[in-house]
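Participant: Sharing a structure, written as structure tokens. Questions coming.
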């Protein structure tokens, strides 16, 4: 597997009594996975994805990324890993610094060893894909609106053409339209290229609508790793993890409680709910 | 999460902690002056001050290791000052003369030891002690009567005089006492308390139309935001690292780009935070220079007057001893 955690523990500080991440066992493939990582603030979600990009190193245990064992020492070659795994931080607009939008998008590819021409081509392609209009490319990134800045920052990661894409709460602070655009873009990338996408989120609707695997963290432990439908069908587990159902599922639950519809597995998307209702009518 | 503990404050709620911060500052300043009022090489008077400092340290109930930690940073300075006093004093009673003999054998052995030291230095604990030991050893070896061709006919000698030793020790003791007094202040007073106390002590400057409260506010905001900016810097550092910036390597040009990729976002974040803070302060009615009430009004207690009396008493005693 492409990312492989085996009994990985992590502490920020040696003096820390409780591990920030505790005995993490996880394998992630670079293809066909759309993973959502859930959990409360402080449960270790951001720490987990930073380990995947080798930005922080495991305190103990074995972490292998693309067949490279990540050791607990500095000065190991990590550039290749960072190229192949793109990590978009929370509020990525703060990482912009170049004079023009185009230069900022090119920054990553140039660092990863492309020459100027190739980097420019990659940047232009990415800008097109993500919907950054040409007239923005020569403007200073600081004069853009918040949503546009976020797009530019995400383009800066996508332009390096990573194999796995990780997003730390990508939709926070975006308006509903921007949110929808971004998510459908990620979905499109996933469907067209089959690249694995990992999203940290608090939004159950993203989990229900897009992901095919969910990982739930609680106090540094993985408490659930599996299909979202299995998570949402298990009411007691949901409650113990303090998670909600997606909107559609809540509507379905109320309809079921009122005796209007019936189902075995709770509908997660509008289509499933529609099928559930029309199916009942057909019977 | 917050790795940067600011200041050295340790709360043990002792009587020193409860002392008014203004009195503590005044006391520290008085003691600093007192230490330099002690006549040179008068160990009794300086020793008395050191004993007083030790009594205060016991009263603070803070672990001694905290004080040792603050002394650790100046050990180098102390040893340096001592060595200079010992080497460059050349009048008075001689107690020891060390003759250097530069023969081939001496030099080879000495260089050998120096080389070993340089090789294993990385793995040594307490580097400084080993450095001193090695230096002493090399000097000793260079004085051994070994055979071999003599390189230098004129013997170089290192004479140690009694006065040098005495004044060297006196300097060490003086700086030690000084550091202990200031450490008591920083270990027992919160940075905000210190800031408020300085503001209060500088009040008289307002007669000259200098707005001390504004400066105090600036200082406290700066202190408050140091950890926040460290966290921001860490975030940006990681974000750029994931875009392929390798902060460990690169030539000069790459280094410049690395620093710019960190600095520009830091400026943007700082200005944004400053802007937000200014608006939040204004929304809560802050007007620079206007009179503000305080949550913790500093009031002098009876015990504070006793402390002040003790401090001033010691100070005047030393002045009188100096004059008489």
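Participant: At R0 = 60 Å, how high is the FRET efficiency between residue B:65 and residue A:187 if r is their beta carbon distance? Nearest 0.05 is fine. Provide the component values of the computation, followed by the final result.
Facilitator: On the way: r = 57 Å, r/R0 = 0.96.
For residue B:65 and residue A:187, the calculated efficiency is 0.55.
Participant: Using a ≥ b ≥ c from the Cα gyration tensor of chain A (square roots of the eigenvalues), is it rounded, prolate or oblate, where a/c under 1.5 gives rounded and otherwise the larger of a/b and b/c decides, a/b for prolate?
Facilitator: Judged from the Cα gyration tensor, chain A comes out oblate (a/c at least 1.5, b/c at or above a/b).
Participant: Report, to two decimal places, the Cα Rg of the stretch A:1-149 normalised by 2.2 N^0.38 Å (N = number of residues).
Facilitator: Values: Rg = 17.9 Å, N = 149, 2.2 N^0.38 = 14.7 Å.
Cα Rg divided by the expected 2.2 N^0.38 Å: 1.22.
Participant: If the elastic network links every pair of Cα atoms under 10 Å, which of A:246, A:92, A:77 fluctuates the most in the Gaussian network model of chain A?
Facilitator: Taking springs between Cα atoms under 10 Å, the residue moving most is A:77.
Participant: Hey, another quick one. Per residue of chain B, what 222 nm ellipticity follows from adding -39500 (n - 2.57) for every DSSP H run with n ≥ 4, rounded to the nearest 500?
Facilitator: Working: 12 runs with 216 residues, N = 324.
About -22500 deg cm²/dmol.
Participant: At 222 nm, what value in deg cm²/dmol follows for chain A if DSSP H runs of at least 4 each add -39500 (n - 2.57) and the sum is divided by all its residues, to the nearest 500? Can you show the working numbers first?
Facilitator: On the way: 11 runs with 114 residues, N = 283.
Roughly -12000 deg cm²/dmol at 222 nm, from the helical runs in chain A.
Participant: Still on this structure, I have one more. If each of residue B:124 and residue A:212 carries a label point 7 Å out from its Cα toward its Cβ, how far apart are those two points in nm?
Facilitator: Here the modelled spin labels are 6.2 nm apart.
Participant: Moving on to the next point. Could you check which residue among B:67, B:123, B:44 shows the biggest mean-square fluctuation in a GNM of chain B with a 10 Å Cα cutoff?
Facilitator: Among B:67, B:123, B:44, the largest mean-square fluctuation in the Gaussian network model of chain B belongs to B:123.
Participant: The stretch A:237-283 to the stretch B:238-282: how many Å between their Cα centroids?
Facilitator: 47
Participant: Let me ask another. Using just the C-alpha positions of chain B as equal point scatterers, what log10 of I(q)/I(0) does the Debye formula give at each q in 0.07, 0.10, 0.11, 0.14 1/Å?
Facilitator: -0.52, -0.92, -1.02, -1.19
Participant: Can you list, bin by bin at 20 Å, the percent of alpha carbon pairs in the protein assembly as shown, starting at 0?
Facilitator: Over the protein assembly as shown, the share of Cα pairs per 20 Å bin runs 14, 32, 32, 18, 4, 0 percent.
Participant: Let me know the mean shielding of A:88-95 by other chains, meaning the per-residue number of their Cβ atoms within 10 Å of its Cβ.
Facilitator: On the way: counts 2, 5, 2, 3, 3, 2, 9, 14.
That works out to 5 on average.
Participant: Within a 10 angstrom radius of each residue's Cβ in B:243-252, how many Cβ atoms of other chains show up on average? Whole number is fine. Don't jump to the answer; show the numbers that get you there.
Facilitator: Details: counts 18, 13, 6, 5, 0, 3, 2, 1, 0, 0.
The mean count of partner-chain Cβ atoms within 10 Å per residue comes to 5.
Participant: Take chain A, connect every pair of alpha-carbon atoms lying under 10 Å apart with a spring to form a Gaussian network, then pick out the residue of A:200, A:164, A:229 with the largest mean-square fluctuation.
Facilitator: Its mean-square fluctuation being the largest, the pick is A:229.
Participant: How far, in degrees from 0 to 90, does helix A:146-158 lean away from the longest principal axis of the Cα atoms of chain A, to the nearest 10?
Facilitator: 70
Participant: Take every DSSP beta bridge with both residues inside the protein assembly as shown and express the antiparallel ones as a percent of the total, to the nearest 5.
Facilitator: Working: 26 of 44 bridges.
About 60 percent, rounded to the nearest 5.
Participant: Continuing with this model, one more query. Antiparallel versus total DSSP beta bridges in chain A: what percent is that, nearest 5?
Facilitator: Details: 19 of 37 bridges.
For chain A, the DSSP antiparallel bridge percentage is about 50.
Participant: A further question on this structure: Roughly how many Å is it from the Cα centre of the stretch A:3-56 to that of the stretch B:182-200, as a whole number?
Facilitator: 41
No value in this document is a laboratory result; all are computed from the given coordinates. The structure displayed is predicted, hence computed values, not measured ones. Quick reminder, even Gly has a Cβ in these numbers, built from the backbone with ideal geometry, and neighbours come from all protein chains shown.
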